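Peer 1: Mind looking over this structure? Questions follow.
The values are calculated or read from the model by the stated rules, or taken from the named source; none is laboratory data. A quick note: this is a predicted structure, and the numbers were derived from the prediction, not measured. Ideal geometry is used to build each Cβ from the backbone, glycine not excepted, and the neighbour counts take in all protein chains shown.
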Amino acid sequence: RVLRALRCRRLVQILGPPGVGKRTLACLIANFVWQRHLFPDGVHYVRVDDLRQIAGGGARNGGEPRAGDAFLSRTPALPGHKLLVLDSCEGLYRWSRTGAFVDWLSRLLTENPELQLLIAAETHLPVSTDHSRDPLLGSLEDHTVEVRPLSEADAVDLLRWFCRDHAALQRLAAEAESAQRIVELCGHLPYAIELFARWAALRAPQDSP
């Protein structure tokens, strides 16, 4: 769905709760299109949390966000047919208070007419495309892809895959009731399941040589 949307949309948003796999999906998409040269002028990945620090992290503690305002008032020039992947966008969106970050994204599209954006965030960002030379078409659903928690069966399969190299964890994950309970406690979220497997591997008895 994301790849199909990128063929005809300048802005695609991957939405979902923390730990559901938005970053993994965005990185897979970026790698896929880069290897196939679908964006001849480049594919770029930016963690927006890093931008927030550059923009002046002191403002989050109640200070005046002058550095952030100055940062968001500048629009980078990104000429050519590029894909810009922006991850963890909701932090800067909330911090900018007045919608300055959303306005900044809108200007990116307007001032870089060949640029396409792939955004990963928890909630939809109301980015305006009114001033874009290639405005978005269709309804919101056409360029928003929601990533949901795994089904129980898929979550159990993922748990067993993470546990595949440790005999004690393999036995635990092989027990249907135990595996179902674990993935339920993890909310069927891939990242939480991975963290559990790492945590359990550190505490499980070591396999005999």
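Peer 1: Looking at Asp154, Asp165, which is the one that is assigned to a loop (DSSP other than H, G, I, E, B) and at pLDDT 85 or above?
Peer 2: On the way: Asp154 fails: assigned to a loop (DSSP other than H, G, I, E, B).
After applying the criteria, what remains is Asp165.
Peer 1: What do you reckon, is Asp69 closer than 29 Å to Val147 by Cβ, among the charged types (D, E, K, R) and either in a helix (DSSP H, G or I) or modelled with pLDDT of 70 or more (or both)?
Peer 2: no
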